[in-house]
Amino acid sequence: MTTQPTNSSERVPILDASDIVRARGVARQVAGRIGFGLADQTRLATAVSELARNVVQYGEDGFCEIVDASDHNEMRLGILVEDHGSGIDNIDKAMKDGYTTGGGLGAGLPGTRRLMDEFVIESEPGLTRISIALVRKRS
Amino acid sequence: MTTNSLAPIVTLLQQHRAAISSEWMTEVLRVWMRLYPGLVNEDELRRQADALLKELGKLFSEHSGEAPPDITGNSELGEIARELSSERAKKGFKPADTAQYVITLKNVLTQHLVRTLNESPTSLTLCLRAVDDVLDRLSLLTFDAFVETRERVIAQQSLSLVELSTPVILLWNNVLLLPLIGVIDTVRARQLTERLLESITKHEASVTLIDVTGVPVFDTSVARHIMKAIDAAQLLGSRIVMTGISPEGAQTLTKLGISFANVISRATLRAGLAEALQLVGRRIEFTGGVHK
């Protein structure tokens, strides 16, 4: 049986810390439904947790969109996290391990990039968008 | 005080109270019985409805139609409404379904007024406006009571959750166990660190097991909280054995670039316990019981 492209998406608003739990729960659920293994589900949930926490901590308000973009050949789960905070001053620095402006470990963004197959970040005052994706060939 | 302008309402509530009450309750019960079977006490609701209508009649007989009606949580009427609403909140009714109670009454009353009042349109308008006004206030009051009750319930729950969720257990002499379960946020992290440090001092613990089996997602924020707790514990002279990181969790942590240096880690609590006992010079031994 072949799986049809579904391209469904779910959007979770991120306003406070409880939304972090909700967003990563949805990510894990969607990943499981698509057929990602437990390790990949954990990666996705952790990545969403990192990005969503940044939104709560720095970004004021935003949302997380979880998109199932799988097709016959591959499983693909894309996530867009957008916020409307003051933005990231220096993206190059923010992507370096150990750099933090908020007293954290400074591992969130670079760590998330290592966890994911795709990672795109753009930021300006008022709009920060990070899209990530995990892609697996169907066996 | 001129009461005559609202006299029709008072008369209506006196003469047709039984009919109004029964119509009102039929409608409310129809919805509530369907949505919340087993949570509705019909007799009590009817009693409350009668009492509320009686108070409403009293209010209109004292109400001139010009000054705003006196409905506060302290008045008899307010008391009934608050009690009813907060009861719904405790039983898990949705806010909209609770609000339905007063809204339905408004509809029934309005219908009755229009049906029985053959007087001048001015008088009818005046009466309808008064009913509108009073019931809107009642509506707001029930809504307030509902939210208040819900918030109290939530506050209690989160308090008891925080209380319950960070036990520090003395496993053996000088060996402590801190099982972490659920979301580790700043509040919980601070609390569990406090408890852990107190217990280490109290029991002179030389080894502390931290079990993270129940932590759903191990991200950098959780890691930072746990690292800080570990640092503080080590300052008090306790060694740390961390247990319960899942294979997926381990992979994710290394990808994130998080390493727990100075911490002994074991996959399972069982292995961690053996390690901890060894550190204090003990071991669990088979003593020849029935079960091997």
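We did not get these values from a lab; they are worked out from the coordinates using the rules stated. Please read all numbers here as calculations on a predicted model, not as lab measurements. Every residue, glycine among them, receives a Cβ derived from its backbone with ideal geometry; neighbour counts consider all protein chains shown.
What order, most packed first, do the peptides B:12-23, A:77-88 have when packing is the mean number of other Cβ atoms within 10 Å of each residue?
Numbers: B:12-23: 16.5, A:77-88: 20.5.
My ranking of the peptides, most packed first, is A:77-88, B:12-23.
Rounded to the nearest 0.05, the FRET efficiency derived from the C-beta distance between B:Asp133 and B:Glu76 at R0 = 22 Å is 0.75. Among the residues of B:252-261, the average count of other protein chain beta-carbon atoms within 10 Å of the residue beta-carbon is 5.
Between B:Thr254 and B:Ala155, how high is the FRET efficiency from 1/(1 + (r/R0)^6) when r is the Cβ-Cβ distance and R₀ = 41 Å? Nearest 0.05. The pair B:Thr254/B:Ala155 has a calculated efficiency of 0.55. Taken residue by residue and averaged, Cβ atoms of other chains lying within 10 Å of the Cβ of A:106-117 number 4.
Kindly provide the GluC sites (Glu not before Pro) of the stretch B:183-226 that DSSP labels as loop, not H, G, I, E or B, and whose Cβ sees at most 16 other Cβ atoms within 10 Å.
Values: sites: B:Glu194, B:Glu198, B:Glu204; in loops: B:Glu204.
Those that pass, being in a loop and sparsely packed, are B:Glu204.
When B:Arg283, A:Arg113, B:Arg46 are sorted by how many other C-beta atoms sit within 10 angstrom of their C-beta, beginning with the fewest, the order is B:Arg283, B:Arg46, A:Arg113.
For the stretch A:8-137, what does the equivalent ellipsoid look like in terms of its semi-axes, each the square root of 5 times an eigenvalue of the Cα gyration tensor, given largest first in whole Å?
Values: eigenvalues 112, 47, 34 Å².
Working from the Cα gyration tensor, I get semi-axes of 24, 15, 13 Å.
Sorting B:Thr201, A:Thr100 from the fewest to the most surrounding beta carbons within 10 angstrom yields B:Thr201, A:Thr100. Summarising the strand pairing of the protein assembly as shown, around 70 percent of its internal DSSP beta bridges are antiparallel.
Compute the convex hull volume of the Cα atoms of the stretch B:163-217, divide it by the residue count, and report the result per residue in Å³ as a whole number.
On the way: hull volume 3.9 nm³, N = 55.
Cα-based convex hull of the stretch B:163-217, divided per residue, equals 71 Å³.
Restricting the calculation to alpha carbons of the protein assembly as shown gives Rg and Dmax of 30.9, 99 angstrom.
When each of the peptides A:34-44, B:34-44 is scored by how many other beta carbons lie within 10 Å of its residues on average, the order from highest to lowest is A:34-44, B:34-44. With the simple spin-label model, which puts each label point 7 Å out from Cα in the Cβ direction, the B:Asn118 to B:Glu198 separation comes to 7.7 nm.
For the stretch B:242-252, 3J(HN,Hα) computed residue by residue from phi via the Karplus equation (6.51, -1.76, 1.60; θ = phi - 60°) reads 9, 9, x, 6, 6, x, 5, x, 4, 4, 4 Hz, glycine and proline entered as x.
Please arrange A:Glu74, A:Glu10 by counting, for each residue, the other beta carbons lying within 10 Å of its beta carbon, fewest first.
Final ranking by Cβ density, sparse to dense: A:Glu74, A:Glu10.
A simple spin-label model places the labels of B:Phe143 and B:Thr287 6.7 nm from each other, with each point 7 Å out along Cα-to-Cβ.
Residues whose amide H comes within less than 5 Å of that of A:Asp71, counting only those at least five positions distant or on another chain, are A:Arg76 (H built at 1.01 Å from N in the peptide plane). The modelled label-to-label distance for the pair B:Asn41/B:Ser246, using points 7 Å beyond Cα in the direction of Cβ, is 4.5 nm.
Between the stretch B:245-281 and the stretch A:1-67, the C-alpha centres lie 27 angstrom from each other.
Value of Rg to Rh for chain B, rounded to two decimals, is 1.31; Kirkwood radius and Rg both from alpha-carbon coordinates. Backbone geometry of the stretch A:115-120 corresponds, through the Karplus equation with coefficients 6.51, -1.76 and 1.60 at θ = phi - 60°, to 3J(HN,Hα) couplings of 6, 9, 8, 10, 8, 10 Hz, x marking Gly and Pro. The mean count of C-beta atoms from other chains within 10 Å of the C-beta of residues in A:17-26, rounded to a whole number, is 2.
The share of Cα pairs per 10 Å bin across the stretch B:7-163, counted from zero up to the longest distance, runs 10, 39, 32, 13, 4, 1, 0 percent.
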